[in-house]
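A.B. asks: The following block contains the structure, expressed as structure tokens.
The values are calculated or read from the model by the stated rules, or taken from the named source; none is laboratory data. Just so it is clear, the model here is predicted, and its values are computed rather than measured. Glycine also receives a Cβ, built like all others from the backbone with ideal geometry; neighbour counts cover every protein chain displayed.
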Amino acid sequence: MSADLFTDAQLQAVETGDLATLCELDERGFLLGDAETTADFAERLRCLQRNIVDMQKALEKDGTYDVAGFDLRANDRIPAERFGPIHPLTRELYGFAIDWVPGFYIDPSFSWLFGGCAFYFFPDFFALFIIRKTFADRNRWLIYSRDELLAHEQCHVARIALNSAVFEETMAYQTSTSTFRRAIGGLFRKPTDSFMLLGSTMILLAGQLLRVLMGLPIPIVLLWCVVAGVVAFLAARHWRYDSLHRRALANLCEQWPDTGRCILFRCTARIAGTNGR
């Protein structure tokens with residue numbers, strides 16, 4: 001990946017709102033943000049280019065680059081050809097293909113069930129992919145697929161500037177080969193959702209142990225109700241927003257059958273049918 005992501009002429013065209021240039025960048029996964037002016041957009045692209053240059057200079061000079069506590073190593077760089085199989089999928093689904101985000105094979109300290117993720121910073125624009133080192137020589141590990149992980153995270157990176165998380169996971173999970181994951185992928189929208197479910201089940205387990213081992217009169221039924229309540233909340237919220245997503249998609253595809261999904265991908269939650277972001 002070259003550090004020269006944009007020419008001066010392209011950036012000047014962005015500032016003036018040249019539609020052809022904006023469309024070209026959109027197809028590369030550079031989406032104009034919600035309420036972002038073309039001048040702001042151009043500055044964001046300049047910032048990204050500076051950050052990419054800084055990273056590549058450090059990798060060439062020292063072989064390492066530290067970002068957000070991760071020690072990126074030149075030898076762990078994901079080869080550009082690994083991203084090739086992903087491009088037809090993201091193009092078909094959402095009309096973009098990202099070739100500018102650096103990726104690295106890393107096993108973080110919390111890597112027991114870690115498959116991969118994207119790190120991105122905004123408005124100081126920078127993004128990178130990290131996936132576990134197992135994927136360096138295989139496409140699958142446990143339930144994870146390297147191609148699916150990278151395609152999923154590319155969707156998140158493309159929508160950075162939209163600042164709209166309501167349908168984020170639902171859209172990203174449409175890259176999955178699993179019908180089940182495509183259907184329920186939006187169930188957990190943020191880390192607190194996972195913590196709520198995990199926390200309630202851990203409390204239930206602790207209650208069971210205290211009741212059996214110490215004979216304490218723990219109301220297990222109430223603890224089961226807490227778990228059931230968390231599951232019901234997550235399921236009801238997912239059903240509501242999934243219904244909104246499907247209705248919005250159906251309405252757009254009725255008018256633009258070939259591009260309705262691409263249009264929805266570029267919408268905020270407010271436009272898609274909610275007052276939230």
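A.B. asks: Determine if segment 253-264 includes at least one residue that is closer than 24 Å to Asp193 by Cα and over 26 Å from the mean Cα position of the chain (by Cα).
C.D. replies: no
A.B. asks: Still on this model: Determine if segment 252-262 includes at least one residue that is part of a helix (DSSP H, G or I) and exposed (fewer than 14 other Cβ atoms within 10 Å of the Cβ).
C.D. replies: Yes, segment 252-262 contains at least one residue that is part of a helix (DSSP H, G or I) and exposed (fewer than 14 other Cβ atoms within 10 Å of the Cβ).
A.B. asks: List the number of the failed condition for Pro217; all other conditions in (1) part of a loop (DSSP other than H, G, I, E, B); (2) within 30 Å of Leu25 (Cβ to Cβ); (3) not hydrophobic (A, V, I, L, M, F, W, C) hold.
C.D. replies: Only one criterion is unmet by Pro217, namely (2).
A.B. asks: Taking the condition of being farther than 20 Å from Glu153 by Cβ and either basic (Lys, Arg) or modelled with pLDDT under 90 (or both), how many residues in segment 37-53 meet it?
C.D. replies: So the count comes out to 2.
A.B. asks: Can I ask one more? Return the total of residues in segment 219-256 being in contact with a Leu (Cβ under 8 Å, 6 or more places away or on another chain) and either in contact (Cβ under 8 Å) with a residue 40 or more places away in the chain or within 17 Å of Phe188 (Cβ to Cβ) (or both).
C.D. replies: Residues flagged as in contact with a Leu (Cβ under 8 Å, 6 or more places away or on another chain) and either in contact (Cβ under 8 Å) with a residue 40 or more places away in the chain or within 17 Å of Phe188 (Cβ to Cβ) (or both) within segment 219-256 amount to 7.
A.B. asks: Could I ask something else about it? Check whether at least one residue in segment 135-152 is of a type in the set (Val, Ile, Thr), within 21 Å of Arg28 (Cβ to Cβ) and assigned by TED's automatic domain parsing to the domain that holds Glu24, and report yes or no.
C.D. replies: The answer is no; no qualifying residue exists.
A.B. asks: How many residues does segment 12-34 hold that are part of a helix (DSSP H, G or I) and among the acidic types (Asp, Glu)?
C.D. replies: The qualifying residues number 4.
A.B. asks: With Phe104, Phe110, Phe114, Phe119 as the choices, which residue is at pLDDT below 85, of a type in the set (Phe, Trp, Tyr) and within 30 Å of Leu22 (Cα to Cα)? Can you show your working first?
C.D. replies: Details: Phe104 fails: at pLDDT below 85; Phe110 fails: within 30 Å of Leu22 (Cα to Cα); Phe114 fails: within 30 Å of Leu22 (Cα to Cα).
From the options Phe104, Phe110, Phe114, Phe119, the qualifying one is Phe119.
A.B. asks: Of all strands (runs of 3 or more DSSP E) completely enclosed by segment 56-109, which ones contain at least 2 residues that are more than 18 Å from the chain's Cα centre (by Cα) and without any contact (Cβ under 8 Å) to a residue 40 or more places away in the chain?
C.D. replies: 64-67, 70-73
A.B. asks: Out of (1) in contact with a helix residue (DSSP H, G or I) (Cβ under 7 Å, 6 or more places away or on another chain); (2) closer than 23 Å to Thr175 by Cα; (3) part of a helix (DSSP H, G or I), the odd one out for Trp239 is which?
C.D. replies: Against the list (1) in contact with a helix residue (DSSP H, G or I) (Cβ under 7 Å, 6 or more places away or on another chain); (2) closer than 23 Å to Thr175 by Cα; (3) part of a helix (DSSP H, G or I), Trp239 comes up short only on (1).
A.B. asks: Which pairs do you get when a residue that is within 17 Å of Arg146 (Cβ to Cβ), found in segment 114-126, comes within reach of a residue that is of a type in the set (Gly, Ala, Ser), reach meaning Cβ atoms under 7 angstrom, with the pair 6+ apart or on two chains?
C.D. replies: Ala118/Ala127
A.B. asks: Now for a different question. Within the group Gly199, Gly185, which residue is surrounded by 17 or more Cβ atoms within 10 Å (Cβ to Cβ), assigned by TED's automatic domain parsing to the domain that holds Ala269 and either closer than 30 Å to His152 by Cα or free of Cβ contacts under 8 Å to residues at least 40 places away in the same chain (or both)?
C.D. replies: Every option except Gly185 fails the conditions.
This table checks each residue for (1) over 19 Å from Leu244 (Cα atoms); (2) in a helix (DSSP H, G or I); (3) hydrophobic (A, V, I, L, M, F, W, C).
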| site | (1), (2), (3) |
| --- | --- |
| Phe119 | yes, no, yes |
| Pro123 | yes, no, no |
| Ile130 | yes, no, yes |
| Gln174 | no, yes, no |
| Gly186 | no, yes, no |
| Gly199 | yes, yes, no |
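A.B. asks: So which of Arg82, Arg44, Arg77, Arg73 is of a type in the set (D, E, K, R), surrounded by 14 or more Cβ atoms within 10 Å (Cβ to Cβ) and closer than 18 Å to Phe121 by Cα?
C.D. replies: It is Arg44.
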